[in-house]
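The values are calculated or read from the model by the stated rules, or taken from the named source; none is laboratory data. Here the structure is a predicted model, which is why all the values come from computation and not from measurement. Note that we place each Cβ from the backbone using ideal geometry, even for glycine, and neighbour counts take in every protein chain shown. Remember, those area values only see protein heavy atoms, side chains included, never the ligands or the DNA or RNA. Shrake-Rupley method; radii C 1.70, N 1.55, O 1.52, S 1.80 Å.
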Amino acid sequence: MTKLSGPMMAPKNGQAPDSAVVLLHGYGSDGNDLIGLAPHWQSLLPGALFVAPNAPTPTGMSGFQWFSIDWTGDRVAGRQRGILEARPVIEEFLRDLWAQTGIAPERTILAGFSQGAMMALHTGTALKARLMGVIGFSGAYLPPEGLGGDTMAKPPICLVHGDMDQVVDPNLSSDANAVLTKAGFDVSYHVSRGVGHGISPDGLSFASDFIAKIAAK
């Protein structure tokens, strides 16, 4: 099993971490990209350790990928296979993080952008342990087997997507909202108007409000 590593940011309060935010980057990027979200959220979670692991596989050009993209064939089928293959790597990373820090799953937020959002949403809703929350920017959702069953935890979910995204269809987040809501999840869903494939100020603000809400519980 591949061991993940990447940039980290220590708790703002200078104490031992009492929570964690795991940030999963998009295709062709690396952990240095999403660790940039940490300064925006540190005041909301001053005791949080922020970790942005690099995905396990180089793309062959630059950066890393959670799974390869079939540019010539059925991308949907390829995405489904890739997500299922990559999930155990992220699950092991989370288990190692919890064992090494003593941070509990219910004090852990799993967030991602694009391909990283696909991994965060799938993994976060497949775990038996309930996370503090899951955030997906510009992603899509592959429901795990048994979605909505009594044995699966239901963390609060935040979905953010630009309506002008030409890389990942914005309708995929709309579909995710419908599927997750029907399965009994508490979903906060935001559409950033006039925004392409990226995280806009209003989308970041919406996610920050989501974190403030779940941190207060």
- Note on the structure: When restricted to ASP165, ASP175, the only residue part of a helix (DSSP H, G or I) and of a type in the set (Asp, Glu) is ASP175
- Yes or no: GLY149 touching a residue at least 12 places away in the same chain (Cβ under 8 Å) and either buried (at least 21 other Cβ atoms within 10 Å of the Cβ) or in a loop (DSSP other than H, G, I, E, B) (or both)? no
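Among what's in the range 121-134 and is among the aliphatic types (A, V, I, L, M) and over 16 Å from PHE210 (Cα atoms), pick the residue that is surrounded by the fewest Cβ atoms within 10 Å (Cβ to Cβ). Full working, then the answer.
Here is the first cut: in the range 121-134, the ones among the aliphatic types (A, V, I, L, M) are 121, 126-127, 129, 131-132, 134.
When the remaining residues are screened for being over 16 Å from PHE210 (Cα atoms), the result is 126-127, 129.
On the way: ALA126: 20, LEU127: 21, ALA129: 13.
Only one residue tops the list, namely ALA129.
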- Message: Take the conditions open to solvent by less than 60 Å² (accessible area, probe 1.4 Å), in a helix (DSSP H, G or I) and out of contact with any Phe, Trp or Tyr (no Cβ under 8 Å at 6 or more places or on another chain) and apply them to LEU204. Does it pass?
- Response: yes
- Message: Residues that are in contact with a strand residue (DSSP E or B) (Cβ under 6 Å, 6 or more places away or on another chain), under 12 Å from TYR27 (Cβ atoms) and not in a loop (DSSP other than H, G, I, E, B): does the range 86-94 have at least one?
- Response: no
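Regarding the range 39-58, can at least one residue be identified that is aliphatic (A, V, I, L, M), under 25 Å from GLY82 (Cα atoms), open to solvent by 20 Å² or more (accessible area, probe 1.4 Å) and more than 13 Å from the chain's Cα centre (by Cα)? Steps first, answer last, please.
Going residue by residue through the range 39-58, those that are aliphatic (A, V, I, L, M) are 44-45, 48-49, 51-52, 55.
Then keep just the ones that are under 25 Å from GLY82 (Cα atoms); that gives 51-52, 55.
Retained after the next criterion (residues that are open to solvent by 20 Å² or more (accessible area, probe 1.4 Å)): none.
Among the residues of the range 39-58, not one is aliphatic (A, V, I, L, M), under 25 Å from GLY82 (Cα atoms), open to solvent by 20 Å² or more (accessible area, probe 1.4 Å) and more than 13 Å from the chain's Cα centre (by Cα), which makes the answer no.
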- Residue satisfying all of: in the range 1-34; open to solvent by 30 Å² or more (accessible area, probe 1.4 Å) and outside any loop (DSSP other than H, G, I, E, B); nearest to GLU91 (Cα to Cα) among these: MET8
- Task: Restricting attention to the range 34-47, report how many residues are touching a strand residue (DSSP E or B) at 6+ places or on another chain (Cβ under 9 Å) and either among the basic types (Lys, Arg) or touching a residue at least 60 places away in the same chain (Cβ under 8 Å) (or both).
- Result: 4
- Please name all residue pairs, on different chains or six or more residues apart, with Cβ atoms under 9 Å, provided the first residue is in the range 202-216 and is closer than 14 Å to ILE109 by Cβ and the second residue is assigned to a helix (DSSP H, G or I) and open to solvent by less than 10 Å² (accessible area, probe 1.4 Å). ALA207/TRP41; SER208/TRP41; ILE211/TRP41
